[in-house]
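The values are calculated or read from the model by the stated rules, or taken from the named source; none is laboratory data. Model, not experiment: these values are computed from the prediction. Note: ideal-geometry Cβ built from the backbone for every residue, glycine included; neighbour counts use all protein chains shown.
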Amino acid sequence: MVFKRLLGSLGVGGPTVDTVLDPGPVRPGGTLGGQVHLKGGSADFEIEAVALELVARVEAEHAEGESEGVVAFERFTVGGGFRLAEGEERSVPFAVTLPWETPITELYGQPLGVVLGVRTELSVAGAKDKGDLDTLTVTPLPVQEAVLEALGGLGFGFASADLEYGRIGGTGQRLPFYQEIEITPPPAYAHRVNEIEVTFLAHPAGLEVVLEADRRGGPFSSGQDALTRFTVGHDEPRDWNTEVEGWIGQLLEHRASYDAYSVPQHGHESHHGSGPGVGTAVAAGAAGLAVGVVGGMVAAEVIDEVGDFFEGDEDEGEDEG
């Protein structure tokens, strides 16, 4: 989705920017390509820099409750240092590498409820202006997809996905937020756990898989969250169904509280929530995660334009970020 905006800080007659991303989704750690199309205004302008920012809508928990905002999590300078003549049209090609921890936005062509954007910024004569905002679609790495397919094979169903501001201690997390993919248990596990939250922390050598279970309490004990982590390589041959089934067994036996792994943010605990994801949530059936996502129904508001999604929250998100 492409949005054209006049550079407001330069007033009427200033240059315009239109960023067009290469078609098709990208993967975490992959290359994002495209073109930034510039059109000169009613006078010549010195273009000091053309920059791209990756932005995400993120939930944050604090003492007063929950809030949402836009967080910029990567920035690239892709051009600049040239004069844009009056009425001149010029294109700036780019190819940038996404962070390995970039969240997944869709699985098997279905949105998961997480919306990312690519925001274009021009620096002109000492002034900066956000000129364009485009939707970024990210599909899982093969190892991430293998884990999700194995969970679906065990009968887990997709519930929602969102982004949580904060850090999971004891991991190699680099971004200021993490993605949670919430799944519901099949009957074989339903008496032991309400839901399981899956977080992927990818890096060049492999993947950290963080699993958190909302445990059910017994007649004489309260429920307690359990969390555990596993590390796998990108190309390791594995029997994923057996592997992931073992992970689930270890998770349900693990009784360490989430506090042992979490670093508080802004004086509050960084907690994995269980509410609906940001924007679009896909309801999955008990037939399995993969089948549930493909055949699922859109259970929350569908976002047609990323501009509407981020509108009004950019300043708030920059403060939080």
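Scanning region 111-134 for residues that are in a strand (DSSP E or B) and more than 30 Å from PHE45 (Cβ to Cβ) turns up at least one hit. Can you tell me which residue in region 63-90 is surrounded by the most Cβ atoms within 10 Å (Cβ to Cβ), limited to those that are modelled with pLDDT under 95 and of a type in the set (Asp, Glu)? Here the answer is GLU68. Figure legend. Inter-residue proximity from region 180-199: first residues in a strand (DSSP E or B), second residues of a type in the set (S, T, N, Q), beta-carbon distance below 6 Å, spacing 6+ or different chains. Indicated pairs: GLU180/THR199; GLU182/SER160; GLU195/THR184. Would you call PRO93 in a loop (DSSP other than H, G, I, E, B) and either modelled with pLDDT of 95 or more or more than 22 Å from PRO204 (Cα to Cα) (or both)? Considered against the rule, which asks whether it is in a loop (DSSP other than H, G, I, E, B) and either modelled with pLDDT of 95 or more or more than 22 Å from PRO204 (Cα to Cα) (or both), PRO93 comes out as no. Taken over region 120-134, the criterion of being touching a Lys or Arg at 6+ places or on another chain (Cβ under 8 Å) and either without any contact (Cβ under 8 Å) to a residue 24 or more places away in the chain or crowded, with 22+ Cβ neighbours inside 10 Å (or both) is satisfied by THR120, LEU122, GLY131, ASP132, LEU133.
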